[in-house]
């Protein structure tokens, strides 16, 4: 009989007061933000911590609007220039980035995430997660 290896990854989900989904995984952490707008304007600030014990950081952003715009700004821990993603009527946003933290230690620490919707008719999905694999 062959030996089998079973890997169990536990995930705990919870919502904050603004109904944003957070997931805490044993081997990492995930922050997922998503919303659909119907001509709304709003601002929201969140944070996400990247632990030095983990090996990778994955960022995913998707979104589309029929009018208005949604702006997602990511402030890295080292205070460098922010990464700005603007979703407007000219684009359907699809962004994916995987970072190996040993190669880019400046990504370790507390990130700030700012989301602004300006008269937006559309939606976005944002995910930032870490992994030890």
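Can you spot a residue in the stretch 16-23 that is part of a strand (DSSP E or B), surrounded by 12 or more Cβ atoms within 10 Å (Cβ to Cβ), in contact with a strand residue (DSSP E or B) (Cβ under 6 Å, 6 or more places away or on another chain) and at pLDDT 95 or above? For the stretch 16-23, residues part of a strand (DSSP E or B), surrounded by 12 or more Cβ atoms within 10 Å (Cβ to Cβ), in contact with a strand residue (DSSP E or B) (Cβ under 6 Å, 6 or more places away or on another chain) and at pLDDT 95 or above: absent.
Only a single criterion out of (1) touching a residue at least 24 places away in the same chain (Cβ under 8 Å); (2) surrounded by fewer than 17 Cβ atoms within 10 Å (Cβ to Cβ) is not satisfied by residue 122, namely (2). Residues in the stretch 123-130: is at least one out of contact with any helix residue (DSSP H, G or I) (no Cβ under 6 Å at 6 or more places or on another chain), farther than 23 Å from residue 28 by Cβ and modelled with pLDDT of 95 or more? Among the residues of the stretch 123-130, at least one is out of contact with any helix residue (DSSP H, G or I) (no Cβ under 6 Å at 6 or more places or on another chain), farther than 23 Å from residue 28 by Cβ and modelled with pLDDT of 95 or more, which makes the answer yes. Note on the stretch 48-57: among residues that are part of a strand (DSSP E or B) and either at pLDDT 95 or above or touching a helix residue (DSSP H, G or I) at 6+ places or on another chain (Cβ under 8 Å) (or both), the one that is surrounded by the fewest Cβ atoms within 10 Å (Cβ to Cβ) is 57.
Restricting to the stretch 88-103, what's the tally of residues that are assigned to a strand (DSSP E or B) and either surrounded by 15 or more Cβ atoms within 10 Å (Cβ to Cβ) or without any contact (Cβ under 8 Å) to a residue 24 or more places away in the chain (or both)?
Filtering the stretch 88-103 down to residues assigned to a strand (DSSP E or B) leaves 92-100.
Within this subset, residues satisfying the condition of being either surrounded by 15 or more Cβ atoms within 10 Å (Cβ to Cβ) or without any contact (Cβ under 8 Å) to a residue 24 or more places away in the chain (or both) are 93, 99.
The qualifying residues number 2.
Answer yes if at least one residue in the stretch 79-87 is in a loop (DSSP other than H, G, I, E, B), farther than 19 Å from residue 132 by Cβ and at pLDDT 90 or above, and no otherwise. There is at least one residue in the stretch 79-87 that is in a loop (DSSP other than H, G, I, E, B), farther than 19 Å from residue 132 by Cβ and at pLDDT 90 or above.
Every residue in the stretch 99-126 that is more than 12 Å from the chain's Cα centre (by Cα) and within 23 Å of residue 51 (Cα to Cα), please.
To start, the set of residues in the stretch 99-126 that are more than 12 Å from the chain's Cα centre (by Cα) comprises 99-110, 116-123.
Hits for the stretch 99-126 are 99, 100, 101, 102, 103, 104, 105, 106, 107, 108, 109, 110.
The values are calculated or read from the model by the stated rules, or taken from the named source; none is laboratory data. Every value quoted in this text rests on a predicted model; they were computed, and no experiment measured them. Every residue, glycine among them, receives a Cβ derived from its backbone with ideal geometry; neighbour counts consider all protein chains shown.
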